[in-house]
1. If A340 meets every condition in (1) outside any strand (DSSP E or B); (2) open to solvent by less than 70 Å² (accessible area, probe 1.4 Å) apart from one, which number is that one?
2. If the requirement is being farther than 28 Å from P65 by Cβ and either in contact with an Asp or Glu (Cβ under 7 Å, 6 or more places away or on another chain) or open to solvent by less than 20 Å² (accessible area, probe 1.4 Å) (or both), which of these qualifies: P309, P241?
3. Mind checking which residues of segment 102-113 are at pLDDT 90 or above and open to solvent by 40 Å² or more (accessible area, probe 1.4 Å)?
4. Which residues, taken from segment 6-23, are outside any strand (DSSP E or B), farther than 18 Å from S272 by Cβ, aliphatic (A, V, I, L, M) and at pLDDT 90 or above?
5. Is one or more of the residues making up segment 73-93 open to solvent by less than 10 Å² (accessible area, probe 1.4 Å), under 17 Å from Y206 (Cα atoms), in contact with a strand residue (DSSP E or B) (Cβ under 8 Å, 6 or more places away or on another chain) and part of a strand (DSSP E or B)?
6. Within segment 24-66, which residues are closer than 13 Å to I337 by Cα, of a type in the set (D, E, K, R) and outside any loop (DSSP other than H, G, I, E, B)?
7. Sort out for me the strands (runs of 3 or more DSSP E) sitting completely within segment 253-322 that have 2 or more residues that are under 21 Å from the mean Cα position of the chain (by Cα).
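The values are calculated or read from the model by the stated rules, or taken from the named source; none is laboratory data. Keep in mind that this is a model prediction, so the values were computed, not measured. With ideal geometry, Cβ positions are generated from the backbone for all residues, glycine too; neighbour counts draw on all protein chains shown. Protein only, heavy atoms only, side chains kept; ligands, DNA and RNA dropped before computing areas. Shrake-Rupley method; radii C 1.70, N 1.55, O 1.52, S 1.80 Å.
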Amino acid sequence: LQECILSGIMSVNGKKVLHMDRNSYYGGESASITPLEDLYKRFNLPGTPPESMGRGRDWNVDLIPKFLMANGQLVKMLLYTEVTRYLDFKVIEGSFVYKGGKIYKVPSTEAEALASSLMGLFEKRRFRKFLVYVANFDENDSRTFEGVDPKKTTMRDVYKKFDLGQDVIDFTGHALALYRTDDYLDQPCQETINRIKLYSESLARYGKSPYLYPLYGLGELPQGFARLSAIYGGTYMLNKPIEEIVIENGKVVGVKSEGEVARCKQLICDPSYVSDRVTKVGQVIRVICILSHPIKNTNDANSCQIIIPQNQVNRKSDIYVCMISSAHNVAAQGKYIAIASTTVETADPEKEIKPALELLEPIEQKFVSISDLFAPTDLGTESQIFISRTYDATTHFETTCDDIKDIYKRMMGSEFDFEEMKRKKNDIYGEEEQQ
């Protein structure tokens with residue numbers, strides 16, 4: 001996905017782009033697999049899917065589960081590039097948080113917060129005060145700080161200021177600010193406050209949850225940006241094996257494929273193409289589960305997210321569940337796909353993810369993958385090879401978008417700016433025709 005978005009953006013910027021992929025489909029790691037038979041093959045499961053699974057073609061199963069924050073960076077990228085023309089989205093019906101073995105809806109409005117059984121009465125009042133403070137907080141206006149220094153005061157101290165208890169801190173940090181660990185507590189509070197604001201603003205757009213999901217699966221996203229690239233003169237080649245990245249005097253000059261060399265000044269790729277320029281930074285386990293029923297205690301939602309904060313299960317990192325269904329054209333009628341994921345911490349990852357799988361019982365079929373996470377050791381300053389990072393365990397695209405902006409900055413020497421992108425498009429390709 002990062003490479004597809006960047007090839008779209010670079011094409012709009014007037015650059016000459018050739019995009020090669022050794023796979024026969026768009027999106028690499030972040031593809032959606034269809035038909036279902038291909039998923040069975042990919043995970044080396046014997047036989048074919050049982051008839052109860054319906055038509056194989058009705059399935060589009062994401063390998064990496066993620067939702068879009070309604071007010072987040074990826075939605076902005078889609079809007080500014082007008083890739084929204086090629087996609088339809090649905091709002092995810094609810095966000096849930098795990099506490100003491102049960103799941104509760106994350107309160108999405110003041111009324112829900114007051115009715116929620118996650119907190120006692122006095123706690124609710126304090127939490128409401130805290131939310132009002134966050135909503136009014138403006139990092140450029142010190143009158144809104146109430147004695148908090150956004151660059152110095154830790155988030156732990158902000159929670160203390162509002163006298164919030166451990167359970168509330170858990171769900172605020174993990175279900176609203178969407179942190180995977182508790183490291184954020186001792187960092188300056190500005191980032192956390194902005195994350196909670198993003199959550200609230202995303203929620204305000206549609207009301208049920210802050211998340212969106214594209215019909216027909218996440219594989220539609222890379223295809224949309226690939227189409228954008230093609231409209232602005234980019235060339236796409238699928239099924240194209242990469243034999244060698246050609247380097248002269250420490251700098252990339254081309255890519256060799258099937259005996260020919262395509263010459264280039266800059267190269268963007270994922271870690272799998274340059275194993276000598278990346279380092280392993282961890283692992284993620286993901287379990288794709290096919291169900292014939294909605295998840296218990298979610299009010300029969302067609303789609304939802306469940307966050308299991310690490311404190312609740314004695315871990316260092318959260319466990320996530322993303323659930324979608326036939327309502328999103330990704331599964332056969334009456335079927336649900338739930339994908340559980342977490343950062344691996346021990347030598348027995350399947351045991352680590354058990355608390356999530358227990359919420360999904362009975363499970364009709366499981367597909368388990370454990371992936372290594374890589375980060376570039378070469379930032380591309382000399383080599384002009386720009387390497388994206390592997391997808392982490394988060395269930396939204398904010399970290400992916402940070403990576404795209406980081407690569408853009410290293411390539412272009414300037415910050416990625418949405419407004420400038422719009423202007424460039426108009427300068428190079430003329431004003432939009434008046435409708």
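1. If we test A340 against (1) outside any strand (DSSP E or B); (2) open to solvent by less than 70 Å² (accessible area, probe 1.4 Å), just (1) comes out false.
2. P241
3. Residues satisfying the conditions are K102, Y104, K105.
4. Those that are outside any strand (DSSP E or B), farther than 18 Å from S272 by Cβ, aliphatic (A, V, I, L, M) and at pLDDT 90 or above: I9, M10, V17.
5. no
6. Result: D58, D62.
7. Strands (runs of 3 or more DSSP E) meeting the threshold: 267-269, 278-291, 304-308.
Residue-wise test of (1) at negative phi; (2) open to solvent by 30 Å² or more (accessible area, probe 1.4 Å).
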site	(1), (2)
S11	yes, no
K16	yes, yes
S24	yes, yes
S30	yes, no
L36	yes, no
K41	yes, yes
N44	no, yes
P49	yes, no
